[in-house]
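What follows is one structure encoded as structure tokens, with my remarks underneath.
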Amino acid sequence: MESRTVVFAGGGTAGHIQPALAVALHWQKAHPSDRIIFLGTATGLETSLVPAAGFDLQLITRVRVPRSPSLGALKSPTQLLRSIADCRRILSGADLLIGFGGYVCAPAYIAAATRKIPIVIHEANAKPGWANRLGTLFTHSLAAGIPVAAGKFSEALITGIPLREDIAELLNENKGIDEQGWAEMQAHEKKKFGFDPKNPLLLVVGGSQGSQAINSVIEKTRMEINSHSISILHSVGGSNAVVVADENYKSVQYIREMARAYVAADLIIARSGAITCSEIRTIGKFAIFIPLAIGNGEQGINALELVSRGNAVLIDQKSFTPQWLVDNIVAIMEKALNSAPSVDLSDLDATAKITALMEHALRNPKA
């Protein structure tokens, strides 16, 4: 079979990169002769995650889009033109572009359109971001992780959200496992992380870059939380310092084996990015969600399904104070411990569905 070149765009944070990597790995297995290229910038998390997964990463100029009026906005048009030129160069001879959102995607979509290269877009959030909304001007091959209420993504193929490889493997290897089996696996993982398996474990993740707001609250309350025999595994983010660990508290900059961490946890404190919500729903854990205070409000919407199921608490960042956590942690942990495990396999086939859409776009480039 003739070798093709497929370009993946989705950089900056793990929320854009991990789904792209999951689909790329699936595509590589299905089409081993094809060439896969990732687009990224020098400052994104893709600089470590993409090469670690064994894929070719090619860098483009980052387009900085200020969230409020500023002098920095004057640089954006020049950066955009440079970024589009970078993408056009890399896309020369490519057969397909697939984007997963984020600042890498906007210039990539424009460049692909000017080269008449088929485009596929996957949107993970309930409220699409601006880059993917821009991309809908150039393609009808749209996929959505969850139903979108309005706009072109309301007509997208609902594929679910691609699961990172370790989580997909965990689910495939343990299909049909009973409640006792999950309990034994959880105790085993708690031990491997260095915690007493008899104690409840609170997992704190503020996203790939960490969250100063969440980290500050945990730092001020961890001794009080530990006093209730609750252990804490804390992912502080790549740019933050790791706190000295003890038998009840351990901090790391980034958890690469998230499947193990999810299994070990009894309760999770996290941002409510689409990927995090999908992973927590899939593993069947209880969560306290603190939506990112900036953006277009998608994180609050992402969490609503889990809140409606009774599997999560949603609280805004201003209200998530040390006093609130101290006052509520015991009751919420008790609720989490009394929640029956409910693994959700609805996203397990997301990569296969997205791959099928990509193959359709290749066969029907004008569709």
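Computed quantities for the displayed model
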read-out	value
Relative contact order for segment 165-337, counting Cα pairs under 8 Å that sit 6 or more residues apart, in percent	22 percent
Folded to 0 to 90 degrees: helix 322-337 orientation relative to the chain principal axis, Cα	90 degrees
Using a Förster distance of 35 Å, the FRET efficiency for ILE177-ALA150 (Cβ separation, nearest 0.05)	0.35
Long-range amide H partners of ASP34 with built H, under 5 Å	ARG4
³J(HN,Hα), Karplus 6.51/-1.76/1.60, whole Hz, each residue of segment 168-181, x for Gly, Pro	4, 5, 4, 5, 5, 6, 10, 4, x, 5, 8, 4, 5, x
Folded to 0 to 90 degrees: helix 76-91 orientation relative to the chain principal axis, Cα	70 degrees
Backbone N within segment 170-209 under 11 Å of label point (7 Å from LEU337 Cα along the Cβ vector)	198-201
Sequence-distant aspartates and glutamates (8 or more away, or on other chains) whose Cα lies within less than 19 Å of LYS220	ASP246, GLU247, ASP316, ASP327
Cβ-based exposure ranking for LYS335, LYS127, in which fewest neighbours within 10 Å come first	LYS335, LYS127
Helix axis angle, 274-283 relative to the chain longest principal axis, alpha carbon, degrees	50 degrees
Long-range amide H partners of PHE286 with built H, under 5 Å	ILE268
17 Å Cα-Cα reach of LYS152 towards lysines, excluding residues that sit fewer than 8 places from it in its own chain	LYS127
MRE, 222 nm, helices only [DSSP H, n ≥ 4, -39500 (n - 2.57), over the chain, to nearest 500]	-12500 deg cm²/dmol
Computed over the chain: relative contact order in percent, which uses C-alpha pairs under 8 Å that are six or more apart	16 percent
Relative contact order (%) - segment 242-330, alpha-carbon pairs under 8 angstrom, separation at least six	22 percent
Cβ-based exposure ranking for ASP349, ASP178, in which fewest neighbours within 10 Å come first	ASP178, ASP349
Which listed pairs, of LYS285/LYS335; LYS116/LYS353; LYS250/LYS318, have C-alpha distances above 18 Å, in listed order	LYS116/LYS353; LYS250/LYS318
Amide H contacts of TYR249 (H built 1.01 Å from N, under 5 Å, at least 5 apart or other chain)	ILE232
Qualifying GluC sites (Glu not before Pro) for segment 210-260 [loop in DSSP, other Cβ within 10 Å: at most 16]	GLU247, GLU257
For segment 227-367, radius of gyration divided by Kirkwood radius, i.e. Rg to Rh on alpha-carbons	1.04
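Where a number appears in this text, it was derived from the coordinates with a stated rule and is not lab data. Quantities reported herein were computed from a predicted structural model and do not represent experimental measurements. Every residue, glycine among them, receives a Cβ derived from its backbone with ideal geometry; neighbour counts consider all protein chains shown.
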